[in-house]
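To keep things clear, I will list the structure first and then write my remarks on it.
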Amino acid sequence: MGLRIDKMLANMGYGTRKEVKKMLKSGVVKIDGMIVKDPKTQVNPSEQVVTVRGEEVEYKEFIYLMMNKPPGVISATEDMVEETVVDLLEEEDRMFAPFPVGRLDKDTEGLLLLTNDGQLAHQLLSPKKHVPKTYFAVIDGEVTEEDIESFRRGVVLDDGYETKPAELVILKSGLRSDVEVTIMEGKFHQVKRMFRALGKRVVYLKRIRMGPLVLDPSLEVGEYRELTDEEVEMLKRFRP
């Protein structure tokens, strides 16, 4: 797989394409021991050794990011009008062309995985896989044991679709109730519609878990970080 040397180095965080071009001109970049100055030079990172100032560049093909998605931002790669989750990324991460795995509604916040690994994304999104997703929600109204039972059986939504059984845990019940909901599918606005079908309204929704991946509590809303190697392995090995 050939890759332009300037693109590869920019992807690896050595600066913008412009900065990388400057660096190449100064003669500090080598491919297999030979100085390279032309930014268009093709390199095969899996077979050739690239060094910058004598240090070997470890190339990675895929990027895996965990974001604490803020409300008001849409889960898409680009949009003419709205701000997207990709707009929140640093340039060196955007270079990898990551996309959101699944989607969170515009006003929903919390765990969102972004990657350019299509195979892993397919594995996590395939309806056959039944990857559980857990949400923390604040509900306008009292959530009861009856509601837990309704969720356990599956709820008929406004369009007649009956959801798969879901788990509802009451953390605090009252005029405003705090709950955790785990669903195995991802229908449009599913959690909100499930509560609406029971005559209740979701006023706040945050995804806290997807399969084995748990939202890092140290991530502020709108922040993101790369997954650790362990987290990536965990996702790849995950079988519900």
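Observations on the structure shown:
- Among the residues making up the stretch 40-96, those that are within 23 Å of L235 (Cα to Cα) and small (G, A, S) are S75, A76.
- Of all residue pairs spaced 6 or more apart or on separate chains, those with beta-carbon atoms under 8 Å, a first member in the stretch 84-107 that is under 27 Å from R17 (Cβ atoms) and of a type outside the set (A, V, I, L, M, F, W, C) and a second member that is part of a helix (DSSP H, G or I) and at pLDDT 85 or above are R94/V86; P98/V86; P100/V85; P100/V86.
- Meets criteria (more than 24 Å from K128 (Cα to Cα), open to solvent by less than 90 Å² (accessible area, probe 1.4 Å) and β-branched (V, I, T)) for V191: no
- The set of residues from the stretch 110-159 being among the small types (G, A, S) and touching a residue at least 12 places away in the same chain (Cβ under 8 Å) comprises G110, A121, A137, G141, S150, G154.
- Candidates are the residues of the stretch 218-233 that are touching a residue at least 12 places away in the same chain (Cβ under 8 Å) and of a type in the set (D, E, K, R); the one that is farthest from K69 (Cα to Cα) is E231.
- E109 being buried (at least 17 other Cβ atoms within 10 Å of the Cβ) and under 29 Å from I63 (Cβ atoms): yes
- Subset of the stretch 112-124 [in a strand (DSSP E or B) and open to solvent by 20 Å² or more (accessible area, probe 1.4 Å)]: none
- Which numbered condition G15 misses (of (1) under 23 Å from L89 (Cβ atoms); (2) of a type in the set (G, A, S); (3) open to solvent by 70 Å² or more (accessible area, probe 1.4 Å)): (3)
- Residue within the stretch 199-206 that is of a type in the set (K, R) and surrounded by 15 or more Cβ atoms within 10 Å (Cβ to Cβ) present: yes
- Residues that are surrounded by fewer than 19 Cβ atoms within 10 Å (Cβ to Cβ) and either over 27 Å from T134 (Cβ atoms) or not β-branched (V, I, T) (or both) within the stretch 71-87 comprise P71, G72, A76, E78, D79, M80, V81, E82, E83, D87, listed in sequence order.
- Of the helices (runs of 4 or more DSSP H) entirely within the stretch 125-240, those holding at least 1 residues that are among the hydroxyl-bearing types (S, T, Y) and farther than 20 Å from V73 by Cα occupy 145-153.
- Annotation: of all residues in the stretch 18-53 being polar (S, T, N, Q) and open to solvent by less than 80 Å² (accessible area, probe 1.4 Å), the one that is farthest from D93 (Cα to Cα) is S26.
- Single condition L65 does not satisfy, out of (1) at pLDDT below 95; (2) surrounded by 14 or more Cβ atoms within 10 Å (Cβ to Cβ); (3) not basic (K, R): (1)
- Check on R239, among the basic types (K, R) and open to solvent by 70 Å² or more (accessible area, probe 1.4 Å): yes
The values are calculated or read from the model by the stated rules, or taken from the named source; none is laboratory data. Note that the structure is a prediction, hence the values are computed from the model and not measured. All Cβ positions, even for glycine, are placed from backbone atoms using ideal geometry, and neighbour counts span all protein chains on display. Each accessible area value is taken on the protein alone, full model and side chains, heavy atoms only, with ligands, DNA and RNA left out. Shrake-Rupley method; radii C 1.70, N 1.55, O 1.52, S 1.80 Å.
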